[in-house]
Ligand code: FAD
């Protein structure tokens, strides 16, 4: 069987490795339009900031080793520009030479990812200081711009994960950073009162935060920015990070179904409306695990999970993708911000009634040095106890509390089960009543 994978990073390379482990016979070709496969997208901000010093460490697999190890035909600088479903072939463009050739297939796995949204802001095309961050090429561009021009001031447009990670990493380079965010809060997965903790912390760290305001125009070749509310700021560097949109052009051209926000639609077998074409990762629409509605959740866990599952499915295993919970985490200076499931904003939009509790336990036994408070929020259904979501912000061990609750949600546990979770305890780590147990007691 000849399987073509389009996109060779998170989802694509996971699928390829698993396909090979399951079947030694299949002919597997990966087409990647960039230079690199399987690089660590999530590490890019930390390389720019200098926490990760060795660029090679970002390249998780190189073409030569991966091809040999898994017996794969990996073609970089190779963009698939068209799928002919009737003839079952793809058209591939060598982006270096411009040459176009055809390749037949039995099955396709689409894992083309999502690209940064670049709105038509006046002056944006002339802004020589403006960058987006998606891949190694972007990273190299930003890094060499910083080294060459030694920017003193930067504006980050968009206060999501990548925006805030970059704000911190630019700040670590000695750059004065302003974050401009259109909504009234940063970090959309949080509700506003939780985000407020992060607002204070960012300001404490010397980040200027402009909320509820968008960029109106970029002037002077990217040396200044004018906002809709009339703020004007000078800048040496602009990072645009207002979200991503699915790479769906190939799918659209091939007549594959896409959803409201452009995500490629798949069934639980990760199959598009063409049974020989599968799609995974940031490019697809998923079902929200909590509320079952279609949504887009561009994160690395879903891409990896789907990459493995799609290989299993192609090899006849009876498995399926059960939806995305959206569990996420980020470091914002001294704080960790994490969440899972639905927040109040989503539940309100769906008109779903819910109950909320907030607790402020300490990260471990208060009498053992280093205990710090955690703000933990749990959202649930009062009658059934169904857990809709949780959010936590704090300086220590926020991750494990959210991970435990994420596990509880996927396991179908209710708030009434949380007190009964028997979690690891000794004074340096937790309390005999863990914050998750506490949340359960308060909620039930
Ligand atoms: P990608 O990994 O983006 O791979 C898609 C590849 O397809 C690209 O290399 C692209 O060049 C190629 N391609 C597209 N179209 C074609 C075509 N027509 N022909 C050939 N090749 C094509 N997620 C987290 O969960 N946690 C994090 O901390 C985190 N941090 C991140 C930080 C940054 C800076 C970025 C950019 C992303 C981060 N993510 C994080 C998101 C995560 O990286 C993505 O969810 C994940 O990479 C998606 O995998 P994918 O396979 O769908 O797409």
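Numbers at a glance
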item: Residue match in segment 374-391 (condition: on the phi > 0 side of the Ramachandran plot, surrounded by 15 or more Cβ atoms within 10 Å (Cβ to Cβ) and part of a loop (DSSP other than H, G, I, E, B)); result: yes
item: Qualifying residue in segment 423-434 (condition: surrounded by 21 or more Cβ atoms within 10 Å (Cβ to Cβ) and within 19 Å of residue 327 (Cβ to Cβ)); result: yes
item: Selection from segment 92-114 of residues that are touching a residue at least 24 places away in the same chain (Cβ under 8 Å) and out of contact with any strand residue (DSSP E or B) (no Cβ under 6 Å at 6 or more places or on another chain); result: 111, 113
item: Residue selected from segment 56-74 under the condition touching a residue at least 40 places away in the same chain (Cβ under 8 Å) and farther than 18 Å from residue 18 by Cα, by the criterion nearest to the chain's Cα centre (by Cα); result: 58
item: Qualifying positions in segment 234-271 - in a strand (DSSP E or B) and either at pLDDT below 95 or surrounded by 17 or more Cβ atoms within 10 Å (Cβ to Cβ) (or both); result: 237, 238, 239, 240, 244, 245, 246, 258, 264, 271
item: Members of segment 320-342 that are within 16 Å of residue 287 (Cα to Cα) and surrounded by 14 or more Cβ atoms within 10 Å (Cβ to Cβ); result: 321, 323, 324, 325, 326, 327, 340, 341, 342
item: Residue 268, sole failed condition from (1) within 21 Å of residue 107 (Cα to Cα); (2) within 11 Å of the ligand (Cβ to nearest atom); (3) touching a strand residue (DSSP E or B) at 6+ places or on another chain (Cβ under 9 Å); result: (2)
item: Members of segment 103-117 found to be crowded, with 18+ Cβ neighbours inside 10 Å and either more than 9 Å from the ligand (Cβ to nearest atom) or on the phi > 0 side of the Ramachandran plot (or both), listed by number; result: 105, 107, 108, 109, 113
item: Positions within segment 56-77 being within 12 Å of the ligand (Cβ to nearest atom) and exposed (fewer than 15 other Cβ atoms within 10 Å of the Cβ), in sequence order; result: 77
item: Criterion violated by residue 141 - all others in (1) without any contact (Cβ under 8 Å) to a residue 60 or more places away in the chain; (2) surrounded by 15 or more Cβ atoms within 10 Å (Cβ to Cβ) satisfied; result: (2)
item: Filtered residue count, segment 25-55, keeping only those that are in contact (Cβ under 8 Å) with a residue 40 or more places away in the chain, more than 9 Å from the ligand (Cβ to nearest atom) and in contact with a strand residue (DSSP E or B) (Cβ under 7 Å, 6 or more places away or on another chain); result: 3
item: Enumeration of residues in segment 299-319 that are buried (at least 22 other Cβ atoms within 10 Å of the Cβ) and within 15 Å of residue 10 (Cβ to Cβ); result: 302, 303, 306, 307, 309, 310, 311
item: Filter pass, residue 200 being outside any loop (DSSP other than H, G, I, E, B), closer than 30 Å to residue 127 by Cα and more than 23 Å from the chain's Cα centre (by Cα); result: no
item: The one condition in (1) at negative phi; (2) surrounded by fewer than 20 Cβ atoms within 10 Å (Cβ to Cβ) that residue 292 fails to fulfil; result: (1)
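Table: residues versus (1) over 25 Å from residue 18 (Cα atoms); (2) in a loop (DSSP other than H, G, I, E, B); (3) within 12 Å of the ligand (Cβ to nearest atom).
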| residue | (1), (2), (3) |
| --- | --- |
| 79 | no, no, yes |
| 92 | no, no, yes |
| 101 | yes, no, no |
| 119 | yes, yes, no |
| 133 | yes, yes, yes |
| 138 | yes, no, yes |
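The values are calculated or read from the model by the stated rules, or taken from the named source; none is laboratory data. Owing to the predicted nature of the structure, the values given are computational and were not obtained by experimental measurement. Note that each Cβ is placed from the backbone with ideal geometry, even for glycine, and that neighbours are counted across all protein chains shown.
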